[in-house]
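Reviewing the structure listed below.
Nothing in this text is a laboratory measurement; each read-out follows from the coordinates by a stated rule. These numbers come from a predicted model, not from an experiment. Heads up, the Cβs are rebuilt from the backbone with ideal geometry, glycines too, and the neighbour counts pull from every protein chain shown.
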Amino acid sequence: MSIAMFKCQTRLMAVWVVGCIILLLVAWLQIVFGHYGENGRDVIEWLLSSIIPILSLVTGVWGNNALKKVKNAEKVSKGIYRAVLAVSVFYLIFLGLIFAIQPMVARPPLEVVKDSSLIVAPLQGVMCAFIGIFFTQNKK
Amino acid sequence: MKTTIHARKLLAILCGSIAFVFLVGLACNSAAQTQVPTAVVAMPAFPWPPPKPSAIASLDLGASTTLSTAKLTLGDIDDRIDEALVAGGYEEKSYFGIPGGFARVTRIEQINPDGLPDYSNRWIPEISGMSIKEFSLSKYFEALFTAPKGHYRIFVFMVTSNLIVQSGTPVSRDEAQDWIVEGANKLPTELRSAPYTEDHSCTVYVYEFVQPGYGEQAEQNVPSNITGKEHLERAGLWDKLEE
């Protein structure tokens, strides 16, 4: 079972853009209301390094395909598309959880963010691997 | 031959001395074990004049209906305060002597900014995470976006016939939270049986502290955002004390 690559890329990009906007909005509001005190910059740096590489890859590839005249010629396996979508959603939810659990734990919020890097880094690696497999699939 | 006799004498004297010292030591030790300490421990004194409070409340305990008919003693007043405190969950006692009476201090408790006890983390003197039991969306979003803060409170009940004029200098949280362990466990009998006269009054000093973030030094909140009476009401003490 295969599906048009451009359609999948559009959906994937939409998930990433919406997810990143929500995460950035939450982080920005936290910084504005002084949740991290004077350490807001550290949180933004951490968040950008966690989302920007994949977001720019997804949007860049989508943009490149959007400029092509024939968009739906390339096909991709539906299973691979679903796997990439699931991993993307899981990754973005995990990043969201790092913010969401902060009121429940008796630790400085910045420490929670920094310690989560130990899990975010390998997850980001897995995410990149799935995206790489997805973008190199090409059934004509 | 003579040398041997001298050596024997010296040895005998040495052994005798050791035995004497041993026996004297044993006797002293057993005497110390059976001796009952008779020294009277003085009641610890509360810092006087008292440090600047965050809020003040005056209680009219002597005029209350249940107490006014009898000839009151300081012990009766203490029992009345004790009853209210135990009902409010403040079970630890710490008494200090003050000029003309006594002071009773409560343990430091964590409160919400509105003065209500933070029941899930009440006796933890550090900023705590939100508990699932008391989850509410408004509290959650407040904790998610604003800086985590800790609010703490100590009540000091002062029953005295003297004037109370505070010192004007605030107290640190570390110093104030030690009052609960530095005070006496009960009132001395002489103080308990002392009459509660018209000159006596019961004044409550509320010491409130705000910790601006994890690991940061808590500062005294002077003045408090709410009155002393409101502090007592929200701690569930006012009604019991004014019954």
With contacts defined as alpha carbon pairs under 8 Å and 6 or more residues apart, what's the relative contact order of the range B:58-169 in percent?
27
Could you state the angle between the C-alpha long axis of helix A:78-100 and the longest principal axis of the C-alpha atoms of chain A, as a value from 0 to 90 degrees rounded to the nearest 10?
10
Using amide H atoms built 1.01 Å from N in the peptide plane, name the residues 5+ places from B:Asn221, or on other chains, whose amide H lies under 5 Å from its own.
B:Glu208, B:Phe209, B:Val210
For the range A:16-140, calculate the relative contact order in percent as a whole number, restricting contacts to Cα pairs under 8 Å that are 6 or more residues apart.
38
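Over 26 Å between C-alpha atoms is what I'm after, so list which of B:Lys149/B:Lys240; B:Lys93/B:Lys229; B:Lys71/B:Lys240; B:Lys149/B:Lys186 land there.
B:Lys149/B:Lys240; B:Lys149/B:Lys186
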Roughly what % of Cα-Cα distances in the range B:151-243 sit above 19 Å, to the whole percent?
54
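To two decimal places, what compactness ratio does the protein assembly as shown give when its Cα radius of gyration is scaled by 2.2 N^0.38 Å?
1.69
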What are the ³J(HN,Hα) couplings of the range A:36-42, residue after residue, when phi is run through the Karplus curve with 6.51, -1.76, 1.60 and θ = phi - 60°? Round to Hz, x for glycine and proline.
9, x, 9, 9, x, 4, 4
Scan around A:Lys75 for amide H atoms under 5 Å from its own, H built in the peptide plane at 1.01 Å from N, and keep only partners 5 or more places away or cross-chain.
A:Met5, A:Lys139, A:Lys140
Loop-only GluC sites (Glu not before Pro) in the range A:34-140, please: DSSP not H, G, I, E or B, and at most 12 other Cβ atoms within 10 Å.
A:Glu38
Percent antiparallel among DSSP beta bridges confined to the protein assembly as shown, nearest 5, equals 95
Among A:Ser50, A:Ser116, A:Ser88, whose mean-square fluctuation peaks in a Gaussian network model of chain A (Cα, cutoff 10 Å)?
A:Ser116
Please list, in chain and number order, the residues 5+ apart from B:Tyr196 or on another chain whose amide H is under 5 Å from its amide H, with Hs placed from the backbone.
B:Leu72, B:Thr73, B:Leu74
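Where does the range A:22-127 land on the Kirkwood hydrodynamic radius, alpha-carbon pairs, in angstrom? The partial results should precede the final answer.
Values: mean 1/r = 0.0637 Å⁻¹.
For the range A:22-127, the Kirkwood estimate is 15.7 Å.
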For the range A:6-14, in order, what is each residue's ³J(HN,Hα) by Karplus, 6.51 cos²θ - 1.76 cosθ + 1.60 with θ = phi - 60°, in whole Hz (x at glycine and Pro)?
5, 5, 5, 5, 5, 5, 4, 5, 4
